[in-house]
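Undergrad: Provided herewith is a single structure, encoded as structure tokens, for subsequent inquiry.
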Amino acid sequence: MIKVGIIGATGYAGAEIARILYNHPMAEVVWYGSRSYIDERFSSIYGNFFEIVDDACLDDNMEELADKVDVIFTATPQGLCAGLVNEEILKKVKIIDLSADFRLKDVSVYEKWYGIEHKGVPYIKEAVYGLCEINRETIKDARIVANPGCYTTCSILTAYPLVKEKLIDPNTLIVDALSGVSGAGRGAKTANLYCEVNESAKPYGVANHRHTPEIEEQLGYAAGEEIVINFTPHLAPMNRGILATEYASLIKKADGSLPTEEEIRSAYEKYYKDEFFIRVLPKGVYPETRWVETSNYVDIGFKIDERTGRIIMMGAIDNLVKGAAGQAVQNMNILFGLDEKMGLDMVPAFP
């Protein structure tokens with residue numbers, strides 16, 4: 001049995017990790033860490049755990065925690081994990097960090113976009129970007145896994161095969177994405193109050209959202225060169241979900257024609273045919289957040305626009321599962337040599 005500690009257990013992502021691991025046959029949460037709710041019962045904060053989890057919340061003492069568990073999930077604000085991790089801890093446990101602390105390889109990019117000093121620079125190089133379907137083999141031997149962001153997971157997986165196969169020009173890529181309000185976290189903010197978000201949708205972080213360099217870096221690896229994209233996130237009046245609609249210019253073939261529907265689909269099948277959690281939808285069927293809610297699935301669809309010579313790619317995930325907690329558990333399964341689907345093979349909930 002894998003013993004698990006969660007630092008940041010009372011945030012939405014941390015609580016989702018707890019929910020998923022409750023039914024995981026090979027994992028047990030033994031530490032519900034929360035700086036804000038020390039000594040309070042976890043079930044008093046999240047009533048869905050009433051008479052299911054009786055544990056009280058503990059602090060975020062990673063040194064002590066490392067002696068008691070096999071893996072630590074850090075579902076915390078940027079900067080915390082980088083400031084806590086050290087060599088002694090990494091000799092004892094695996095770290096799966098849900099913040100952005102180890103996602104970007106260039107510390108100057110991190111500090112520019114997040115506006116804080118990085119306190120774990122020695123570990124940036126060795127941390128593995130935990131996009132399971134792309135980096136599975138390198139994840140297996142990692143000590144630190146940088147769990148990707150929700151927008152980035154959806155945006156990258158939706159475009160990755162076409163960038164990798166050079167079917168699109170990645171520097172023409174535009175990503176418009178919608179997120180449910182849970183993506184903004186559990187903290188009390190006026191902009192996230194019911195009356196502020198209900199019956200409305202709005203863009204935010206225009207031209208400067210923090211997930212932009214993450215998408216650029218990872219798709220840049222696929223392209224074999226640095227790329228620059230436009231990414232605009234939007235807040236939508238729903239609890240969960242990410243829907244990304246992405247546009248890019250198709251690269252013409254030698255004869256001047258555009259790639260065909262069959263060639264585009266073949267590219268997706270090449271990379272995702274054996275990926276349990278990625279569902280490439282039939283022609284004319286497009287992703288909807290309701291069909292992935294509470295699950296670890298990624299639904300992807302596309303449409304070639306012959307008139308403009310562009311392609312429209314669409315992807316949908318649950319931001320709290322595949323976009324956070326589910327992918328973190330999938331990373332844990334890879335790290336410990338388990339079936340990746342273990343604890344995650346859930347049918348999406350509807351309605």
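Undergrad: Have a look at Leu167, Leu131 and point out the one that is aliphatic (A, V, I, L, M), touching a strand residue (DSSP E or B) at 6+ places or on another chain (Cβ under 7 Å), at negative phi and at pLDDT 95 or above. Break it down into steps so the answer makes sense when it comes.
TA: Values: Leu131 fails: touching a strand residue (DSSP E or B) at 6+ places or on another chain (Cβ under 7 Å).
Among Leu167, Leu131, only Leu167 is aliphatic (A, V, I, L, M), touching a strand residue (DSSP E or B) at 6+ places or on another chain (Cβ under 7 Å), at negative phi and at pLDDT 95 or above.
Table: residues versus (1) in contact with a strand residue (DSSP E or B) (Cβ under 6 Å, 6 or more places away or on another chain); (2) within 26 Å of Ile304 (Cβ to Cβ).
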{"position": "Ile139", "(1), (2)": "yes, no"}
{"position": "Cys150", "(1), (2)": "yes, no"}
{"position": "Val163", "(1), (2)": "no, yes"}
{"position": "Asn171", "(1), (2)": "no, yes"}
{"position": "Gly185", "(1), (2)": "no, no"}
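Undergrad: Let me ask something else. Being farther than 23 Å from Gly326 by Cα and without any contact (Cβ under 8 Å) to a residue 12 or more places away in the chain is the filter; apply it to region 16-60 and report the residue that is surrounded by the most Cβ atoms within 10 Å (Cβ to Cβ).
TA: Ser44
Undergrad: Within the set of pairs 6 or more residues apart or between chains, which connect a residue that is without any contact (Cβ under 8 Å) to a residue 60 or more places away in the chain inside region 336-351 to a residue that is assigned to a loop (DSSP other than H, G, I, E, B) and hydrophobic (A, V, I, L, M, F, W, C) with Cβ atoms less than 6 Å apart?
TA: Short answer, once both residue conditions are applied: Pro348/Val292.
Undergrad: Still on this model: Would you point out the residue of region 156-181, among those that are part of a helix (DSSP H, G or I), of a type outside the set (Phe, Trp, Tyr) and under 19 Å from the mean Cα position of the chain (by Cα), that is farthest from Pro233 (Cα to Cα)?
TA: Our first condition is that a residue be part of a helix (DSSP H, G or I); within region 156-181, this holds for 156-164, 170-172, 181.
Then drop every residue that is not of a type outside the set (Phe, Trp, Tyr), which leaves 156-159, 161-164, 170-172, 181.
Add one more test, that the residue is under 19 Å from the mean Cα position of the chain (by Cα), and what stays is 156-159, 161, 181.
On the way: Ile156: 14, Leu157: 16, Thr158: 15, Ala159: 16, Pro161: 22, Val181: 12 Å.
Residue satisfying both the conditions and the ranking: Pro161.
Undergrad: So if I check each of Val69, Val4, which one is touching a residue at least 24 places away in the same chain (Cβ under 8 Å), more than 21 Å from the chain's Cα centre (by Cα), surrounded by 15 or more Cβ atoms within 10 Å (Cβ to Cβ) and closer than 26 Å to Leu335 by Cα? Talk me through it step by step, then tell me what you get.
TA: Working: Val4 fails: more than 21 Å from the chain's Cα centre (by Cα).
The match here is Val69.
Undergrad: I need the full set of residues from region 269-317 which are within 21 Å of Ile174 (Cα to Cα), of a type outside the set (A, V, I, L, M) and under 17 Å from the mean Cα position of the chain (by Cα), in order please.
TA: Thr289, Asp299, Gly315
Undergrad: Mind counting the residues in region 244-274 that are under 13 Å from Glu165 (Cβ atoms), of a type in the set (D, E, K, R) and either touching a residue at least 60 places away in the same chain (Cβ under 8 Å) or surrounded by 15 or more Cβ atoms within 10 Å (Cβ to Cβ) (or both)?
TA: 3
Undergrad: Of all residues in region 190-207, count the ones that are assigned to a loop (DSSP other than H, G, I, E, B) and exposed (fewer than 11 other Cβ atoms within 10 Å of the Cβ). Steps first, answer last, please.
TA: Looking only at region 190-207, we keep the residues that are assigned to a loop (DSSP other than H, G, I, E, B), and these are 193, 198-201, 204-207.
Now narrow it down to the ones that are exposed (fewer than 11 other Cβ atoms within 10 Å of the Cβ): 198-200, 207.
Residues flagged as assigned to a loop (DSSP other than H, G, I, E, B) and exposed (fewer than 11 other Cβ atoms within 10 Å of the Cβ) within region 190-207 amount to 4.
Undergrad: Another question, then. Given the conditions (1) farther than 18 Å from Gly315 by Cβ; (2) exposed (fewer than 15 other Cβ atoms within 10 Å of the Cβ), which single one is not true for Arg210?
TA: (2)
Undergrad: Could you please let me know if Asp101 is outside the structural domain of Cys81 (by TED's automatic domain parsing) and free of Cβ contacts under 8 Å to residues at least 60 places away in the same chain? Outline the logic, then answer.
TA: Values: outside the structural domain of Cys81 (by TED's automatic domain parsing): no; free of Cβ contacts under 8 Å to residues at least 60 places away in the same chain: yes.
No.
Undergrad: Please enumerate the residues belonging to region 208-218 that are under 17 Å from Gly323 (Cβ atoms) and assigned to a helix (DSSP H, G or I).
TA: Thr212, Glu214, Ile215, Gln218
The values are calculated or read from the model by the stated rules, or taken from the named source; none is laboratory data. Predicted model, so just to flag it, every value in this text is computed and none were measured. Note that we place each Cβ from the backbone using ideal geometry, even for glycine, and neighbour counts take in every protein chain shown.
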